[in-house]
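Since the structure comes first, as structure tokens, the remarks are kept for the end.
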Amino acid sequence: MSAEIWDPGLQSERTRLAWVRSAVALSTAGLGGAGLSMRHGLPLAPVLVFALAALCGGVLLVRTGVRFHRVQEALHGGKPLDSGADALVAWLGTLCVVAGAATFVLCVA
């Protein structure tokens with residue numbers, strides 16, 4: 001008896017929604033941080049870092065549909081899953097938000 005990888009539940013749909021929420025959060029934080037930095041007259045560095053975070057969120061959002069279909073094919077075909085590139089983009093975007101926020105606080109304080 002072989003164990004199947006595929007579960008007929010909604011795990012992949014919930015994972016897709018989690019990626020969408022993460023992408024929207026990165027985009028929103030990046031755009032909001034860039035706008036605040038510009039309104040406070042901060043140097044260009046925090047604005048660019050926040051803009052890069054927003055770009056990472058946008059890339060993740062665009063790739064969500066592609067990633068979902070690849071996950072479905074892998075689960076149905078019994079193949080291994082690979083989301084390394086998307087995880088790297090999410091990590092980079094999060095790092096940009098943190099760096100931008102730290103720069104913002106240091107410049108405003």
Scan of the range 23-49 for residues that are buried (at least 16 other Cβ atoms within 10 Å of the Cβ) and more than 13 Å from the chain's Cα centre (by Cα), ordered by number: LEU31, GLY33, ALA34, LEU36, SER37, LEU42, PRO46, VAL47, VAL49
Failed item in (1) closer than 19 Å to THR103 by Cβ; (2) part of a helix (DSSP H, G or I), with LEU42 passing the rest: (2)
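To keep it simple, each residue is scored yes or no on (1) of a type in the set (Asp, Glu); (2) assigned to a helix (DSSP H, G or I); (3) touching a strand residue (DSSP E or B) at 6+ places or on another chain (Cβ under 6 Å); (4) under 13 Å from SER27 (Cα atoms).
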| position | (1), (2), (3), (4) |
| --- | --- |
| VAL49 | no, yes, no, yes |
| THR64 | no, yes, no, no |
| PHE68 | no, yes, no, no |
| LYS79 | no, no, no, no |
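Quick one: count up the residues across the range 81-109 that are not in a helix (DSSP H, G or I) and not hydrophobic (A, V, I, L, M, F, W, C). Please lay out each step first, then the result.
Initial filter on the range 81-109 (not in a helix (DSSP H, G or I)): 81-83, 109.
Add one more test, that the residue is not hydrophobic (A, V, I, L, M, F, W, C), and what stays is 82-83.
Qualifying residue count, the range 81-109: 2.
If a residue has to be without any contact (Cβ under 8 Å) to a residue 60 or more places away in the chain and out of contact with any helix residue (DSSP H, G or I) (no Cβ under 9 Å at 6 or more places or on another chain) to count, how many in the range 75-90 make the cut? Full working, then the answer.
Going residue by residue through the range 75-90, those that are without any contact (Cβ under 8 Å) to a residue 60 or more places away in the chain are 77, 79-85, 87-89.
Those left that are additionally out of contact with any helix residue (DSSP H, G or I) (no Cβ under 9 Å at 6 or more places or on another chain): 77, 84, 87-88.
Residues in the range 75-90 being without any contact (Cβ under 8 Å) to a residue 60 or more places away in the chain and out of contact with any helix residue (DSSP H, G or I) (no Cβ under 9 Å at 6 or more places or on another chain): 4 in total.
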For VAL71: the one exception among (1) in contact (Cβ under 8 Å) with a residue 12 or more places away in the chain; (2) under 22 Å from GLY33 (Cβ atoms): (2)
Residue within the range 11-18 that is surrounded by fewer than 16 Cβ atoms within 10 Å (Cβ to Cβ) and under 10 Å from the mean Cα position of the chain (by Cα) present: yes
Filtered residue count, the range 50-94, keeping only those that are modelled with pLDDT of 90 or more, surrounded by fewer than 16 Cβ atoms within 10 Å (Cβ to Cβ) and β-branched (Val, Ile, Thr): 1
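The values are calculated or read from the model by the stated rules, or taken from the named source; none is laboratory data. Because the structure is a prediction, the values reported are computed rather than measured. Methodologically, a virtual Cβ is constructed for each residue, glycine included, from the backbone with ideal geometry; neighbour enumeration extends over all protein chains shown.
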